[in-house]
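One structure is given here, and the rest of the page talks about it.
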Amino acid sequence: MVLRPLFSPLAGLLFALAAAMEVPALFDYIVHNKEWEAFQMSAIVTLFTGLALFLVRDRDSSHFSLKHGYLFTVACWILLPLYAALPFYWSSQDMTFTDAVFETISGLTTTGATILTGLEHLPPGILLWRALLQWIGGIGIVVMAISIFPVLKTGGMQLFKLESSETAGKIFPRIQDIAIGVFAIYSGLTILCALIYYSEGMGTFDAIVHAMTTLSTGGFSTTDQSFAAFPDKGIIWTGSIFMFLGSVPFSLMLFSMKKRQWSLFFLDSQVQIYAAFVCVVSFICAYLYYENSGAQDFFTALTLATFNVISVITTTGYAFEDYSLWGTFAPVLFFFLTFVGGCSGSTAGGVKMFRFHVLWLSCLQQLRRLIYPNGIFLQKIEGKPLNNELSQSVLIYIFMLIISFAVISTCLSFTGLDFTTALSGAATALSNVGPGLGSIIGPAGNFQSLPDSAKWILDIGMILGRLEYVTIIVLLQPRFWHY
């Protein structure tokens, strides 16, 4: 298989990454922090690698096939973390390469799992770089989810396919149009979130960093206490609202804005089901919190419960309260919420509401066929027929999720982790949530103490979760590499 058609888009990504490194470099230089040297050196290495790929690129874009699409998608999430980890590795924080890669993959996949402690004392450039990684990863995930994944028919996303052709000439212009529109909405919401955070009492730097990690549903913070350092109810509700906005379909926002019909957004079945689910679970958890934590009033319980529920469902992973103290039912509920995720076409990870909807309709269809074997039942989702290809893609995704969860949790247990840490670690990596359960990687802990082997396993899990399994499985087939 000829790889040269991949060089041009990969070079473009490396150029963009090198440019992004200049932001924290400039910030550290202005505040006279020597970490700017690590960012500058990393930017130079990244830039020259991109330049080398650009010089040997294939100038004919028509050679870019569907196979190259699969390979490019995987290459992005393997190559970029290696270069984005360089500022961490070359910084004065004495991070091993394993820790640097783990922090970077966690950032770009918007997982939010961290190995860093004492965040309040870290150089501002490092904190800004972590936030930038999540912000960049968030917009990258959205663009892939609504433009590349449907073409690759990954995990049932073909319902959102934008072009019937699979040639690069027709795919790329549409991706560019969508990327510009989504980027504008994504940036606008981030700026608005930062302004509201600032008006509610956050410092300027904290507001900017948390706005980027809120919209990207990433969860990196500037303090070890995470959102517990900002107990103001206005800040908490702002975080809840913008995490929710980051977990709804950006393509639907874009389409509604272009048509100037917001009813298209609010009447979307996926958004309605998702919003109803969040509300119901939030009230259940508010009751659990009110009964078990001694909250002074139910509104306070609802505020904190809603924040924690949205943080987990959207796979953001901000920590405020240790929900393991809300009674015996709460940890079990939050473990299953880890897998839920937001909507398709958002920055959130997890299974996504769209797939749960497809599974529910498929179950109803099968039950009716059992009762009426000769009947014809046509299920529709968003006005489009629920065909067998779509259902099978979702079933394959769920099957791969179960297999991946079993394999990764088993591998983690072999590294010496206890049962709770292994299970929740696998779940949080595959769903790109961040905090897990237990005293080690729970809301009050982090991933620093895990052995290196466990961190590499979790790296694989985070990338698998973002690439939605099927994309990587295709590359493992020998026939894929035969032209």
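Considering only residues that are modelled with pLDDT of 85 or more, more than 23 Å from VAL101 (Cβ to Cβ) and part of a loop (DSSP other than H, G, I, E, B), which ones fall in region 418-448?
The one that is modelled with pLDDT of 85 or more, more than 23 Å from VAL101 (Cβ to Cβ) and part of a loop (DSSP other than H, G, I, E, B): ASP418.
Just for region 17-60: of the residues that are exposed (fewer than 15 other Cβ atoms within 10 Å of the Cβ) and among the small types (Gly, Ala, Ser), which one is farthest from the chain's Cα centre (by Cα)?
Result: ALA52.
Those residues that are among the aliphatic types (A, V, I, L, M) and more than 27 Å from the chain's Cα centre (by Cα), I need them from region 1-16; list them, please.
The answer is MET1, VAL2, LEU3.
Checking ILE408 against (1) surrounded by 14 or more Cβ atoms within 10 Å (Cβ to Cβ); (2) at pLDDT below 85; (3) touching a Gly at 6+ places or on another chain (Cβ under 8 Å), which single condition isn't satisfied?
Here ILE408 clears every test but (2).
If THR316 passes every condition in (1) assigned to a helix (DSSP H, G or I); (2) touching a residue at least 12 places away in the same chain (Cβ under 8 Å) but one, which one does it miss?
(1) is the only condition that THR316 fails.
Could you say which residue among LEU26, LEU51 is part of a helix (DSSP H, G or I) and more than 12 Å from PRO124 (Cβ to Cβ)?
LEU51
Consider only pairs whose beta carbons are under 6 Å apart and that are at least six residues apart or on different chains; among these, list those whose first residue lies in region 29-44 and is farther than 12 Å from ALA85 by Cα and whose second residue is polar (S, T, N, Q).
Taking only residues 6 or more apart or on different chains, the pairs are GLU35/SER91.
Quick test for you: out of VAL271, VAL281, pick the one residue that is over 18 Å from ALA305 (Cα atoms) and either at pLDDT 85 or above or part of a loop (DSSP other than H, G, I, E, B) (or both).
Answer to the selection: VAL271.
Within region 319-334, how many residues are closer than 20 Å to THR110 by Cβ and part of a helix (DSSP H, G or I)?
Filtering region 319-334 for residues closer than 20 Å to THR110 by Cβ gives 319-320, 334.
Next, only the ones that are part of a helix (DSSP H, G or I) stay: 334.
Count: 1.
The rows are residues; the columns are (1) basic (Lys, Arg); (2) within 18 Å of THR471 (Cα to Cα); (3) at pLDDT 85 or above; (4) crowded, with 20+ Cβ neighbours inside 10 Å.
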| position | (1), (2), (3), (4) |
| --- | --- |
| GLN365 | no, no, no, no |
| ILE371 | no, no, no, no |
| LYS384 | yes, no, no, no |
| GLN392 | no, yes, no, no |
| MET400 | no, yes, yes, no |
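For region 419-438: of the residues being over 13 Å from LEU450 (Cβ atoms) and among the small types (Gly, Ala, Ser), which is nearest to the chain's Cα centre (by Cα)?
SER431
Give, as residue ranges, the helices (runs of 4 or more DSSP H) completely inside region 113-204 that count at least 1 residues that are modelled with pLDDT of 80 or more. Walk me through it before giving the result.
Working: elements: 124-143, 149-152, 168-199.
The qualifying helices (runs of 4 or more DSSP H) are 124-143, 168-199.
The values are calculated or read from the model by the stated rules, or taken from the named source; none is laboratory data. Treat the numbers as computed from the prediction; the structure is a model and nothing was measured. Every residue, glycine among them, receives a Cβ derived from its backbone with ideal geometry; neighbour counts consider all protein chains shown.
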